[in-house]
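So the structure is just underneath, and the comments pick up after that.
Only the coordinates and a few stated rules stand behind these numbers; no lab work does. Since we're looking at a predicted model, the values are computed, not measured. Neighbour counts run over all protein chains shown; Cβ positions are idealised from the backbone, glycine included.
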Amino acid sequence: MVHYICTYLELEIVEKDISYQRLLTHLRFVLHRLSTKEHYSMDQEMLAMVKVKFPLAFSCAVEVKEHILKKYDMDIPESELGYIAIHLERLKNNKI
């Protein structure tokens, strides 16, 4: 997933970067929540704002969702995509 994200956002990630570590941690928790059928929800107004303010990061999150759906047969809820998009935007802003 990380390679796909780097390609999609045209990033070179520094693995020691805190934004990268936060993204990895969040993705691990997403996969765990999906496997245990837990849900983490984002307020709908905030989700709408993330979609508008960070369109590239959100579209990348949607692509990550598609990748996880194909590979693991797990569907990520849209509210979870909002959080992933925030992490991706943070990574994008830290690019080298």
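For the residues Val52, Val62, what sequence is obtained by ranking on other C-beta atoms within 10 Å, fewest first? Walk me through the numbers before you get to the answer.
On the way: Val52 9, Val62 16.
Ordered from fewest to most neighbouring Cβ atoms within 10 Å, Val52, Val62 come out as Val52, Val62.
If you take all C-alpha pairs in the chain, what percent of them are over 21 Å apart? Walk me through the intermediate numbers first.
Numbers: 1209 of 4560 pairs.
Value for the chain (Cα pairs over 21 Å): 27 percent.
Report relative contact order for the chain in percent, whole number only (criteria: Cα-Cα under 8 Å, sequence separation at least 6).
Numbers: 89 pairs, mean separation 38.7, N = 96.
Contact order relative to length: 40 percent.
Would you work out which of Cys60, Tyr8, Phe29 lies farthest towards the positive end of the dipole of the stretch 2-93? Charges go on Cβ: Lys and Arg +1, Asp and Glu -1.
Phe29
Just to be sure I follow the rule: in the chain, considering lysines 8 or more places apart or on different chains, how many pairs have Cα atoms under 21 Å apart?
Counting lysine pairs in the chain gives 12.
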